[in-house]
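Data block below; observations after.
The values are calculated or read from the model by the stated rules, or taken from the named source; none is laboratory data. Just so you know, these numbers come straight off a predicted model, no measurement behind them. In this analysis, Cβ positions are derived from the backbone assuming ideal geometry, glycine residues included, and neighbour counts consider all displayed protein chains.
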Amino acid sequence: MDVDETFPEIRESIRKLCDGFPGEYWRNLDRERAYPTEFVRALTEAGFLSVLIPEEYGGPGLSLAAANAVLEEIHRRGCNGAACHAQMYTMGTILRHGSDEQKAAYLPKIASGELRLQAFGITEPSSGTDTTRIRTFARREGDRYIVNGQKVFISRAEHSDLMVLLARTTPRDKVARTTDGMSVLLVDMREAVGHGLTIRPIRTMLNHATTELFLDDLEVPVANLIGEEGKGFRYILDGMNAERILIASECIGDARFFIDRASAYARERQVFGRPIGQNQGVQFPIARAYVQTSAAALMVQRATELFEAGRPCGSEANMAKLVASEASWYAGDTCLQTFGGYGFAEEYDIERKFRETRLYQVAPISTNLILSHVGTHVLDLPKSF
Ligand SMILES: Cc1cc2nc3c(=O)[nH]c(=O)nc-3n(C[C@H](O)[C@H](O)[C@H](O)COP(=O)(O)OP(=O)(O)OC[C@H]3O[C@@H](n4cnc5c(N)ncnc54)[C@H](O)[C@@H]3O)c2cc1C
């Protein structure tokens, strides 16, 4: 089946919802770097952010493919799911590795929207992509962890009640494998802010509500440890396949947005007495963008099928994210070129989407790190680090 046709009812509902949030809404927020509170509320109330939560915890328990359709369609309509996409998948860490008590305490409230689990704290200034070198340390004292450290580019922290935080609980030089000795803590942001947690917004080239976090003797109850102490890195890795696939779906949506807009404009815009799209120099890049996007969508579909079958899909999820982010970037560049000067004018939304889609070649994982994964894990080439 054409991936475009999956979940037509979901896509139709998303289209209707997104009609209430036109370009002007996003442009105003973009100018102020403000959070799309009304859009996120509408998605939450319609139940779209809880699609992956099983029925026993109050969600509809839909498939990853359904969640893909939600995010792809949001992006195709010119909206931006990055403001809330983590609410869909970050709960997976609790679902897969949390205790029965934790699942019962948090998942139904996340499903209803009463609790927002939007923040995911991994990246640090000094470690970068090398997560094993994170310095944030959680020291156990009785029934509490005392957490000290710093995180950077932690998105939506100001708009989240809870945060999944990765911290070292054993120093790197005291573990057998460098991936051991890290733990996942669930931080209640409502209690933490002002009591050991300081959040500082980072203004970026796109409206993304990202922040820097300073953890200074932050107390986290041991009851908020997810899974076993020291195994956190594995738990985070477990969640990454869904994240990669969902973000690849956003890229497919962006690419289709650009292709829709570029095709419509190229059909209508008359220069030298004919539509610009009649010139192959204009038409072929749009056609190429379509070809690349269709191929990337198939890769996303393949990774999703493996994920849903419970089969290993780390390489496929990463490859899907890589090709989808490159397809959306190429489509964005082509769309900008097709619009000529007008592409740079804010009112067409092309320059905004162009800035937004560029992120996906860097976050949540950069292209080079995916190539390194494929080189060493798939092609058995020697590791460079
Ligand atoms: C807007 C935004 C939102 C984000 N949201 C979150 C969030 O919510 N939570 C979170 O934890 N993080 C978040 N991040 C962080 C993001 O995941 C990282 O920026 C990304 O993983 C890259 O890490 P880095 O910036 O430290 O780059 P670095 O690790 O410093 O890398 C810099 C460049 O060098 C390349 N490079 C590094 N090592 C190698 C190597 N060995 N071989 C080849 N190339 C290499 C990288 O590919 C990259 O291009 C966000 C980032 C941004 C910009």
query: Restricting to region 135-152, what's the tally of residues that are near the ligand (Cβ under 10 Å from one of its atoms) and either farther than 30 Å from PRO54 by Cβ or outside the structural domain of LEU218 (by TED's automatic domain parsing) (or both)?
result: 1
query: Quick one: would you say GLU326 is within 19 Å of LEU206 (Cα to Cα), within 16 Å of the ligand (Cβ to nearest atom) and either without any contact (Cβ under 8 Å) to a residue 12 or more places away in the chain or not small (Gly, Ala, Ser) (or both)?
result: yes
message: Of everything in region 330-385, what is surrounded by 17 or more Cβ atoms within 10 Å (Cβ to Cβ), among the β-branched types (Val, Ile, Thr), within 15 Å of the ligand (Cβ to nearest atom) and assigned to a helix (DSSP H, G or I)? Give them in sequence order.
response: THR357, ILE370
- prompt: Are there any pairs, at least 6 apart or on different chains, whose C-beta atoms fall under 6 Å, with the first in region 257-278 and more than 17 Å from ARG352 (Cβ to Cβ) and the second charged (D, E, K, R), and if so, which?
  reply: PRO275/ARG267; ILE276/ARG269; GLY277/ARG267
Residues satisfying the stated conditions in region 226-273, i.e. over 26 Å from the mean Cα position of the chain (by Cα) and not charged (D, E, K, R): SER263, ALA264, TYR265, ALA266, GLN270, VAL271, PHE272, GLY273
statement: Restricting region 153-174 to residues that are in a loop (DSSP other than H, G, I, E, B) and more than 8 Å from the ligand (Cβ to nearest atom), the one nearest to LEU215 (Cα to Cα) turns out to be THR169
query: Under the condition of being basic (Lys, Arg) and surrounded by fewer than 13 Cβ atoms within 10 Å (Cβ to Cβ), which residue from region 268-312 is farthest from GLY332 (Cα to Cα)?
result: ARG311
message: Looking at GLY196, GLY230, GLY239, GLY181, can you tell me which residue is touching a Leu at 6+ places or on another chain (Cβ under 7 Å) and in contact (Cβ under 8 Å) with a residue 40 or more places away in the chain?
response: GLY196
field: Filtered residues of region 217-244 (kept if over 25 Å from ALA317 (Cα atoms), surrounded by fewer than 18 Cβ atoms within 10 Å (Cβ to Cβ) and of a type in the set (A, V, I, L, M, F, W, C))
entry: VAL222, ALA223
query: Of all residues in region 175-218, how many are part of a strand (DSSP E or B), among the hydroxyl-bearing types (Ser, Thr, Tyr) and farther than 30 Å from GLU346 by Cβ?
result: 2
- prompt: Going by the structure shown, is SER63 among the hydroxyl-bearing types (Ser, Thr, Tyr), more than 30 Å from ASP173 (Cβ to Cβ) and within 12 Å of the ligand (Cβ to nearest atom)?
  reply: no
task: Using the structure shown, decide if ILE110 is over 30 Å from ASP173 (Cα atoms), more than 16 Å from the ligand (Cβ to nearest atom) and crowded, with 24+ Cβ neighbours inside 10 Å.
output: yes
- prompt: Does GLY61 satisfy the criteria of being surrounded by fewer than 24 Cβ atoms within 10 Å (Cβ to Cβ) and at pLDDT below 95?
  reply: no
message: Against the condition surrounded by 20 or more Cβ atoms within 10 Å (Cβ to Cβ), closer than 20 Å to TYR89 by Cβ and modelled with pLDDT of 95 or more, how does SER315 come out, does it pass?
response: no
- prompt: Given the conditions (1) in contact with a helix residue (DSSP H, G or I) (Cβ under 9 Å, 6 or more places away or on another chain); (2) basic (Lys, Arg); (3) in a strand (DSSP E or B), which single one is not true for ARG139?
  reply: (1)
field: Subset of region 203-241 [within 29 Å of ARG33 (Cα to Cα) and more than 16 Å from the ligand (Cβ to nearest atom)]
entry: ASP216, LEU218
